[in-house]
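*Asks:* One structure, as structure tokens, below. Some questions next.
Laboratory data are not the source of any read-out in this text; all were calculated from the coordinates shown. Remember, it's a predicted structure, so these values are computed and weren't measured experimentally. Heads up, the Cβs are rebuilt from the backbone with ideal geometry, glycines too, and the neighbour counts pull from every protein chain shown.
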Amino acid sequence: MDQMQLCYDISPLGRIPHLPPLVIGHRGAAYNLPEHTLESYQLAYELGANYVEPDFVPTKDGRLVAVHSIDLNITTNVASVFQNRSRTIVRHGLPWTGYFSFDFTLDEIKSLRVRQGIEDGSRSEEFDWLFSIPTIQEIASLIYDWNTNTRLRLGRTRPYEAVGMYAELKKPKLIQRVTGMVMEELFVKELQSVPSKVWDMLFPQSICNVNSTIEQAALPPLVVHCFERNPLRSLRTKFLADEEGLFSGRSAPPLVLLLSRVRCSVFRAWNSVHKYADGVNPDMACLLDSTVFNGVGTYKKGTAFMREAHKRNMFVHAWTERAELEYVVDSFPNAKAELTALFCDLGVDGVFAENVDIAVRAANGCGHQKLSAPVHSTKSKKHGSRFGAQVVHIGIFVFAFIVGRWTQRSFWVCCKSEKNESSSECSHLSTGTSSAKSYRSTECGAEASGVS
């Protein structure tokens with residue numbers, strides 16, 4: 001039986017024109033519509049995002065739904081619908097009182113409605129309480145329908161213009177301690193329950209060594225990231241061991257380690273992280289370190305971080321772009337300048353954005369060149385599906401049509417099956433090219449120290 005293959009691209013050799021980096025709709029198009037709703041996800045795709053990022057938490061009956069916090073009271077009307085259902089748990093030795101997702105069944109959670117996550121006056125509240133919390137199956141079905149129907153009607157017909165899911169597993173260690181549920185096991189189980197056509201989209205047959213031009217290239221349809229290492233290790237093992245034969249001959253989704261600002265600034269585990277992760281996603285404030293903005297970036301820590309990642313062929317997707325000045329790194333006048341530094345000066349491979357339209361424009365505004373070129377290798381690696389800075393959509397916006405710039409890029413797609421560790425098969429491709437901080441909520445402190 002063929003094992004699941006680990007396929008990845010290695011970033012371009014030499015100083016050559018570069019493709020636009022990726023834009024990931026952070027919780028959807030969260031600036032425009034209430035976060036983690038099907039409506040917000042679809043709008044993100046309409047604005048040109050390559051991915052949307054649902055945060056998954058479990059219900060009492062073991063289902064996964066998309067909401068930022070395990071405390072439903074932060075963005076839903078749970079306190080008014082289910083009065084007296086709050087309780088207190090212990091987190092980092094301190095009490096935490098809330099209406100936790102794992103204390104409610106799926107039917108109960110589906111009766112709730114969602115509001116805008118940031119209520120500072122800059123975001124519209126006209127759509128509050130209109131939309132429900134989606135399940136992982138509903139999100140996967142949305143993506144399938146978008147890829148097979150909607151995008152084609154919009155003229156986005158190339159395989160690389162298909163969109164994907166960038167899933168986050170929230171607080172696995174805490175959830176397992178409180179409930180006994182294992183997040184990565186729930187995640188795989190939930191995906192197994194999707195229709196076969198959706199399964200085939202999320203876990204496609206191996207794309208190793210089958211593409212000869214950019215017209216045939218495609219982004220991985222599923223990516224998984226987490227602040228904790230152990231779930232990523234477990235997923236890597238589960239995908240490769242494939243004891244149930246679920247993933248035979250299919251491409252493994254990239255796995256990514258999330259890093260808080262504190263963790264990123266002291267991160268030293270470069271020689272081990274690549275064994276279970278394909279990329280590292282830092283708080284963008286960690287990369288844009290203590291520089292007075294003068295139009296020229298001299299980001300010593302950020303440049304060093306990018307160098308360490310790229311020389312191990314690991315991609316970097318920074319989080320999170322928000323247009324409100326309170327979320328912009330202090331040394332920048334606005335989000336546009338912040339994004340320009342990330343994309344053009346540091347050369348990040350993608351950004352999580354709540355203002356997707358701003359991020360898409362910025363991603364196309366660097367002339368497709370990285371000023372900090374990574375160190376490259378054509379050697380196939382034992383672990384990882386690298387996709388880093390690949391192609392992005394030709395953005396067709398809600399109110400305007402934006403035509404992306406085209407350049408040429410050469411990169412290597414290398415493929416490897418764990419069944420034959422000594423083999424490496426690469427084909428050279430010539431390609432054409434067509435979102436600063438987490439919520440300052442009760443969860444921020446936990447996420448900052450959440451990496452086990």
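*Asks:* Return the Rg/Rh value of region 220-340, two decimal places, where both radii are evaluated on C-alpha atoms and Rh is the Kirkwood radius.
*Replies:* Looking at region 220-340, the ratio lands at 1.05.
*Asks:* Straight-line reach only, C-alpha to C-alpha below 17 angstrom: list the aspartates and glutamates that LYS110 could link to, leaving out same-chain residues fewer than 8 apart.
*Replies:* GLU35, GLU39, ASP55, ASP61, ASP71, ASP128, GLU138, GLU190
*Asks:* What's the local net charge at GLU168, with K and R +1, D and E -1, over the other residues with C-beta under 9 Å away? All intermediate terms of the calculation are to be shown ahead of the outcome.
*Replies:* On the way: positive: LYS170; negative: GLU53, ASP55.
Around GLU168, the charge tally is -1.
*Asks:* Rounded to the nearest 0.05, what FRET efficiency do LYS300 and LYS275 have when you use their Cβ-Cβ distance and R0 = 25 Å?
*Replies:* So the FRET efficiency works out to roughly 0.35.
*Asks:* Where Lys and Arg each count +1 and Asp and Glu each count -1, what net charge lies around TYR276 among other residues with Cβ under 10 Å from its Cβ?
*Replies:* +3
*Asks:* Something else: For the modelled label position 7 Å from the Cα of GLN192 along Cα-to-Cβ, which residues of region 100-123 have backbone nitrogen atoms closer than 19 Å?
*Replies:* Answer for region 100-123: none.
*Asks:* Hey, another quick one. Based on the mean of other beta carbon atoms within 10 Å per residue, what is the order of 112-124, 339-351, 57-69, most packed first?
*Replies:* On the way: 112-124: 16.2, 339-351: 25.6, 57-69: 22.7.
Output ranking for 112-124, 339-351, 57-69: 339-351, 57-69, 112-124.
*Asks:* Using only alpha carbons, build the gyration tensor for region 98-183 and give me the equivalent ellipsoid semi-axes, biggest first, whole Å.
*Replies:* Its equivalent ellipsoid spans semi-axes of 29, 21, 13 Å.
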